[in-house]
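Working notes, beginning with the structure itself.
The values are calculated or read from the model by the stated rules, or taken from the named source; none is laboratory data. Every value quoted in this text rests on a predicted model; they were computed, and no experiment measured them.
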Amino acid sequence: MIPHFNIFPAKDGFWIDATDSVVEGIWDHSSTGSHILYSNWSPGNPNNDGNQDCAATVRWANFDWDDDQCYANHSFTCEKNAMTKLKYGC
């Protein structure tokens with residue numbers, strides 16, 4: 001798989017496939033529901049400040065992870081098979 005970065009402007013980072021919306025503090029992949037085995041949280045995170053159930057890499061933390069409200073404005077990445085032709089957007 002290869003990442004494809006969205007060309008639209010972001011607040012300050014990119015959404016990643018992570019949520020704790022099912023059980024607070026238990027981070028799972030949004031796409032599959034499987035538990036996340038690797039993490040790269042920025043210092044003090046995740047902190048659930050204001051019911052933050054989604055995760056993004058953020059510029060202010062050198063692109064380490066931060067939890068954020070799921071409606072926040074971040075760009076996103078798409079994961080596609082390397083043999084799939086990339087199109088505009090996902």
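Values computed for the structure shown
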{"item": "Among the residues listed as Ile26, Ile7, Ile2, the single one being aliphatic (A, V, I, L, M) and at pLDDT 85 or above", "result": "Ile26"}
{"item": "Enumerated strands (runs of 3 or more DSSP E) restricted to segment 35-90, each holding at least 2 residues that are of a type in the set (Asp, Glu) and modelled with pLDDT of 80 or more", "result": "65-68"}
